[in-house]
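Everything below concerns the one structure shown next.
The values are calculated or read from the model by the stated rules, or taken from the named source; none is laboratory data. In this text the structure is predicted, and so the values were computed from the model without any measurement. Note: ideal-geometry Cβ built from the backbone for every residue, glycine included; neighbour counts use all protein chains shown.
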Amino acid sequence: MKERQIEQLRRRVAEGGDEGDARALAAGGAEAVGAVLRASERGAPEGRDFRDWEGDLGQILARIAEVDPTPILAELEARPEHARKLLWALGGSEHERAVAALLEALSHRKAEIRWVAVHGLAKNRARPVVTALADRMVNDRSTKVRFAALEALSSFEDLSVLGPLEEFLDRRAHLAGEVRIASKAIERILRKT
């Protein structure tokens, strides 16, 4: 697939193109993902708000990841400077390698990357994910990451998170709202059982 074709597909997907456009772009593999990342590096076109532009490009990456996360994962390894965008695109994926990449990102040195990973894993209820989120909730040095993990686990409302929520309440000094969120989640879980 030529760069020009990729650019045309990228534009169509950004303008709300159909699933076929997203599939065609995903078929372009790492080259297509690279074209999206280069567009991000160039910045928003004149007349476009930067945040809207970045949002559109993020949606393109997410649509590629929905079809096939492999090119996103390849670029994540090759271009770590784009980790935030690429991990965000993998968020919510049930693909084994995507979940593994998000779990690995929970140990990243930058809090922003760990925060993105928590959000990406927030709907996954697999035992290794629950365990990793519980660890971030209790032990992460960033309040932003701890709070995101608390919100994710509080939304699960099943017995698998009861212990971690109770441990969280026992082991930390808390920000305003954290005790309320954890306590209400525990109440909901206990009411259901």
> What is the residue count in the range 162-184 for residues that are touching a Phe, Trp or Tyr at 6+ places or on another chain (Cβ under 8 Å) and either buried (at least 17 other Cβ atoms within 10 Å of the Cβ) or part of a helix (DSSP H, G or I) (or both)?
Replying inline: 2
>> Return the residues of the range 139-161 that are outside any helix (DSSP H, G or I) and polar (S, T, N, Q); say none if nothing qualifies.
In response: SER142
>> Given the options ARG114, ARG136, ARG188, name the one that is under 30 Å from GLN59 (Cβ atoms), in contact with an Asp or Glu (Cβ under 9 Å, 6 or more places away or on another chain) and not in a loop (DSSP other than H, G, I, E, B).
In response: ARG114
>> Please go through the range 56-80 and give me each residue that is surrounded by fewer than 23 Cβ atoms within 10 Å (Cβ to Cβ), among the small types (Gly, Ala, Ser) and closer than 11 Å to VAL33 by Cβ, ordered by number.
In response: ALA74, ALA78
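Given the structure, is ARG84 modelled with pLDDT under 95 and either aliphatic (A, V, I, L, M) or at negative phi (or both)?
Considered against the rule, which asks whether it is modelled with pLDDT under 95 and either aliphatic (A, V, I, L, M) or at negative phi (or both), ARG84 comes out as no.
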> Taking THR143 and the conditions (1) farther than 24 Å from GLU77 by Cβ; (2) buried (at least 17 other Cβ atoms within 10 Å of the Cβ), which numbered condition does it fall short on, given that it satisfies the others?
Replying inline: (2)
> Is it true that GLY47 is on the phi > 0 side of the Ramachandran plot and either within 18 Å of the chain's Cα centre (by Cα) or not hydroxyl-bearing (Ser, Thr, Tyr) (or both)?
Replying inline: yes
> Is there a residue in the range 103-120 that is crowded, with 18+ Cβ neighbours inside 10 Å and of a type in the set (S, T, N, Q)?
Replying inline: no
>> Take ALA111 and tell me if it is in the same structural domain as GLY34 (by TED's automatic domain parsing) and in contact with a helix residue (DSSP H, G or I) (Cβ under 7 Å, 6 or more places away or on another chain).
In response: no
